[in-house]
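> Quick one: the structure is below, and I'll ask about it shortly.
Any read-out appearing in this document is the output of simple, stated calculations on the displayed coordinates, not a laboratory observation. Quantities reported herein were computed from a predicted structural model and do not represent experimental measurements. Cβ coordinates were reconstructed from backbone atoms using ideal geometry, including for glycine residues, and neighbour counts include every protein chain displayed.
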Amino acid sequence: MNNFKYLILGVVFGLALTKGEAVSWFRIQEMFHFESFHMYGFFMTAVPLAALSLFFIRKMSIRSIDGEPIVIPSKAYHHGVIIGGLIFGFGWALTGACPGPLYAQIGGGYLVTLVTFLSALSGTWVYARFKYSFPD
Amino acid sequence: MEILSKPWPWYVAGPIIGLTVPALLLLGNKRLGVSSTLRQICAAAIPGKISFLNYDWKKDQWNLFFVGGILIGGFIGGTLFPNPDPVHITENTARILREQGLTDLSGLLPQELFNWKALFSLKGFLLMVVGGFMVGFGTRYARGCTSGHGITGLAALQWPSLLATVSFFAGGIFVSHFVLPLILSL
């Protein structure tokens, strides 16, 4: 039951992604062509607001409701950030979906995107299988 | 119910996405990041003898509830209360897409490209199967996606996440400008 709160947060998140049209293939092409402010406005409100919250959480040493100290582990640089990042970008432009929207597109009634999702799973699996053959 | 069928402007949807970061931290000390659920599902379903998939995925099962919620959110916003009008992209975007051969700009995805029959054409295979593969492969290789790097990482002012986000966009801009027109002309 403890996990129920994450389900609710997910519903809100998925609803905002869908109604904000971040799950729209058309919006993603528009973004990559710099034709509209919409998606940039999306990021430019989401990121600073998240950053501001993190700033206050740190500054005031706010703990989680379970009393745990909140720490954000730093993400170290590795070459995958660039190589993997580019590969993901290629896929993002083709499918119009990053991982969050993958789930939302299925729920949105575009059942064929189940195939996109299963392909994404197989991509993750293949990466895992051959992880040590790729430059890190 | 109009609020559910109408699209939300970026200054409503964006802040909700941003506030998910502190909400997850305060309610459970969890960090927003969606692509790791792909690894979890692989670990739960077909871990084999792959060390990267043999870990305690149940420890992070909260995230599976979170993406289950995203699916339900998509169902409410896209299936129960779909926007009756086409996505309001700019004239110029519509012109670019029409020039590339699209005729139907309604819905969230172009249905002439994303349908079961198209799956068996080279065009559909490249868009859905190859595209999806690259999303799953690339995000794990980069150890994060638009949420983990692009929102959480950037908000925490981590420069590797900035590099990742720039790479996401560089890859997307390249494919959208130079590769997608070729695929659509197949």
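> Distance between the C-alpha centers of region A:73-111 and region B:1-67? Whole Å please.
Region A:73-111 and region B:1-67 have Cα centres spaced 13 Å from each other.
> If you average the sequence gap of Cα pairs under 8 Å that are 6 or more apart and divide by the length of chain A, what percent do you get for the contact order?
Working: 66 pairs, mean separation 39.2, N = 136.
It rounds to 29 percent for chain A.
> Rounded to a whole number of µm²/s, how large is the Stokes-Einstein D of region B:98-186 at 37 °C and 0.692 mPa s, given Rh as the Kirkwood radius over C-alpha pairs? Walk me through the intermediate numbers first.
Details: Rh = 14.6 Å.
Answer, rounded: 224 µm²/s.
> Using DSSP to call loops (not H, G, I, E or B), can you name the chymotrypsin sites (Phe, Trp or Tyr not before Pro) in region B:1-72 whose Cβ has at most 15 other Cβ atoms within 10 angstrom? Write down the numbers at each step before the final one.
Numbers: sites: B:Trp10, B:Tyr11, B:Phe52, B:Tyr55, B:Trp57, B:Trp62, B:Phe65, B:Phe66; in loops: B:Tyr55.
Hits after loop and neighbour filter: B:Tyr55.
> Taking H as built 1.01 Å from N, whose amide H comes closer than 5 Å to the amide H of A:Arg63, not counting residues under 5 places away?
For A:Arg63, no residues qualify.
> Where the Cα atoms of region A:1-71 are projected onto their three principal axes, how long is each span, largest first, in whole Å?
45, 31, 14
> Once you've got the GNM for chain B with C-alpha springs shorter than 10 Å, pick whichever of B:Thr103, B:Thr93, B:Thr37 has the biggest mean-square fluctuation.
Checking each option, the largest mean-square fluctuation is seen for B:Thr93.
> Can I ask one more? What does the convex hull of the alpha-carbon atoms of region B:15-94 project to on average, in nm²?
On the way: hull surface 33.1 nm².
The directionally averaged projection comes out at 8.3 nm².
> Just in region B:37-84: which trypsin sites (Lys or Arg not before Pro) are loop by DSSP and have at most 16 other Cβ atoms within 10 Å?
Values: sites: B:Arg39, B:Lys49, B:Lys58, B:Lys59; in loops: B:Lys49.
Within region B:37-84, the qualifying trypsin sites (Lys or Arg not before Pro) (loop, at most 16 other Cβ atoms within 10 Å) are B:Lys49.
> Which of B:Leu184, B:Leu97 comes first, and how do the rest follow, when ranked by fewest Cβ neighbours within 10 Å? Don't skip to the end; give the middle numbers.
Numbers: B:Leu184 17, B:Leu97 22.
Going from least to most buried by this count: B:Leu184, B:Leu97.
> Over all distinct Cα pairs, what is the inverse of the mean 1/r for the protein assembly as shown, reported as the Kirkwood hydrodynamic radius in Å? Mind dumping the intermediate values first?
Details: mean 1/r = 0.0515 Å⁻¹.
When all Cα pairs of the protein assembly as shown are included, the Kirkwood radius is 19.4 Å.
> Here is a follow-up. Ignoring everything except DSSP H segments at least 4 long, calculate the 222 nm mean residue ellipticity for the protein assembly as shown; use -39,500 (n - 2.57) per segment, divide by total residues, nearest 500.
Values: 14 runs with 176 residues, N = 322.
The helix contribution divided over the protein assembly as shown gives -17000 deg cm²/dmol.
> Also, quick follow-up: Going by how many other Cβ atoms sit within 10 Å of their own, how do A:Tyr77, A:Tyr6, A:Tyr132 line up, fewest first?
A:Tyr132, A:Tyr77, A:Tyr6
> Please report how far the C-alpha centroid of region A:2-55 lies from that of region B:129-186, rounded to the nearest whole angstrom.
15 Å
> Just the C-alpha atoms of region B:31-186: what Rg/Rh do they give, with Rh taken as the Kirkwood radius? Don't skip to the end; give the middle numbers.
Numbers: Rg = 18.0 Å, Rh = 18.1 Å.
Over the Cα atoms of region B:31-186, Rg/Rh equals 1.00.
> Still on this model: Measure of size requested: the Rg and Dmax of region A:28-134, with Cα atoms as the atom set and Å as the unit; please supply both.
Computed over the Cα atoms of region A:28-134, radius of gyration and Dmax are 17.8, 47 Å.
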